[in-house]
Amino acid sequence: MKKYNAVIFDLDGVICHTDKYHYQAWKAVADELGIYFDEEINNRLRGVSRMESFEIILERYEGEMSEEEKECWTTKKNDIYKELLKNMSPADLSAEVKETLDDLRANGHKLAIGSSSKNARFILGQLGLGEYFDAISDGNNISKSKPDPEVFVKAAEYVDEQADKCLVVEDAKAGLQAAIAGGMDCAAIGDAVASGLGTYNLSAFADLLKVTAK
Ligand code: BG6
Ligand code: MG
């Protein structure tokens, strides 16, 4: 019996790298509002929903803003972001990621996405992975964002597996917290390693093959 039947992947920062596009789009909005914004603040937005991200940016805003105005600004950010995402193509999917996914599948693992993003399906399409995953749980099917476990609990449901048979792969602390809250083991990659919350720490995506071989 395998330790894990399913692997649930965060998208942004794990399967692909959209940080620079998020940064550019938020920076355009922040500049227009006269709010200071830099890469360090951008790092705090990892795994956090669009509106919660804007609330973090607004910590440095002097004025008052109505909910309607917030809607307008986040829509604007998303319009800019979606334009930038059009630059993505299958060339943005690394050979290591694709080969590891293929090997995990060949080893009998179900593969799912657990992303806070409402653009997840669009991004997967750009990468040429539109039909690849067994299930996609994203920002459109959740009411609570990471660190709430909802997005991963739904992904486990969609692939019909118990939490303890799922492994989550995450680059954000909030994502690791979400996996733990959902009763799932988690593999930290990139920035998330420093949090010390991962059941495993990956130094490369392909390390997943070792972790899941048990
Ligand atoms: C997450 C990103 O995957 O999606 C966050 O890490 C982002 O930075 C969130 O805010 C929501 O994304 P979107 O595409 O719905 O605005
Ligand atoms: Mg991420």
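Step by step: first the residues of segment 5-14, then only those that are aliphatic (A, V, I, L, M) and more than 9 Å from ligand 2 (Cβ to nearest atom), then the one that is nearest to LEU45 (Cα to Cα). Which residue is that?
Result: ILE8.
Would you check if LEU84 is closer than 16 Å to PHE122 by Cα, surrounded by 12 or more Cβ atoms within 10 Å (Cβ to Cβ) and within 16 Å of ligand 2 (Cβ to nearest atom)?
So LEU84 fails the test.
Determine which member of the set GLU131, GLU99 is part of a loop (DSSP other than H, G, I, E, B), over 17 Å from THR18 (Cα atoms), out of contact with any helix residue (DSSP H, G or I) (no Cβ under 6 Å at 6 or more places or on another chain) and more than 16 Å from ligand 2 (Cβ to nearest atom).
Among GLU131, GLU99, only GLU131 is part of a loop (DSSP other than H, G, I, E, B), over 17 Å from THR18 (Cα atoms), out of contact with any helix residue (DSSP H, G or I) (no Cβ under 6 Å at 6 or more places or on another chain) and more than 16 Å from ligand 2 (Cβ to nearest atom).
Being aliphatic (A, V, I, L, M) and closer than 29 Å to VAL97 by Cβ is the filter; apply it to segment 15-46 and report the residue that is farthest from ligand 2 (Cβ to nearest atom).
Once the filter is applied, the top-ranked residue is ALA28.
Going by the conditions given, is LEU45 part of a helix (DSSP H, G or I), closer than 24 Å to VAL153 by Cβ and within 15 Å of the chain's Cα centre (by Cα)? Give the steps one after another, and end with the answer.
Working: part of a helix (DSSP H, G or I): no; closer than 24 Å to VAL153 by Cβ: yes; within 15 Å of the chain's Cα centre (by Cα): yes.
No; evaluated as a whole, the condition is false for this residue.
Would you be able to say whether some residue in segment 182-204 is more than 26 Å from ASN87 (Cβ to Cβ), touching a Ser or Thr at 6+ places or on another chain (Cβ under 8 Å) and among the aromatic types (Phe, Trp, Tyr)?
Taking every residue of segment 182-204 in turn, none turns out to be more than 26 Å from ASN87 (Cβ to Cβ), touching a Ser or Thr at 6+ places or on another chain (Cβ under 8 Å) and among the aromatic types (Phe, Trp, Tyr).
Pick from segment 87-120 the residues that are within 14 Å of ligand 1 (Cβ to nearest atom) and more than 16 Å from ARG50 (Cα to Cα): which of them is surrounded by the fewest Cβ atoms within 10 Å (Cβ to Cβ)?
The selected residue is MET88.
Every residue in segment 62-75 that is surrounded by fewer than 15 Cβ atoms within 10 Å (Cβ to Cβ) and away from ligand 1 (no atom under 12 Å from the Cβ), please.
Pass one, segment 62-75, residues surrounded by fewer than 15 Cβ atoms within 10 Å (Cβ to Cβ): 62-72, 75.
Answer for segment 62-75, where residues must be surrounded by fewer than 15 Cβ atoms within 10 Å (Cβ to Cβ) and away from ligand 1 (no atom under 12 Å from the Cβ): GLU62, GLY63, GLU64, MET65, SER66, GLU67, GLU68, GLU69, LYS70, GLU71, CYS72.
Taking only segment 9-55 into account, find how many residues are touching a residue at least 40 places away in the same chain (Cβ under 8 Å) and within 13 Å of ligand 1 (Cβ to nearest atom).
Within segment 9-55, residues that are touching a residue at least 40 places away in the same chain (Cβ under 8 Å) and within 13 Å of ligand 1 (Cβ to nearest atom) number 23.
With the requirement that a residue be touching a strand residue (DSSP E or B) at 6+ places or on another chain (Cβ under 8 Å) and among the charged types (D, E, K, R), what does segment 4-53 give you?
ASP10, ASP19, ARG46
Does ALA135 fit the bill of being small (Gly, Ala, Ser) and within 30 Å of ALA91 (Cβ to Cβ)?
For ALA135, the condition - small (Gly, Ala, Ser) and within 30 Å of ALA91 (Cβ to Cβ) - is met.
Every number in this text was worked out from the coordinates using simple rules, so none of it is lab data. None of the values given here were measured: they were computed from a predicted structure. Every residue, glycine as well, gets a Cβ built from its backbone with ideal geometry; the counts of neighbours run over all protein chains shown.
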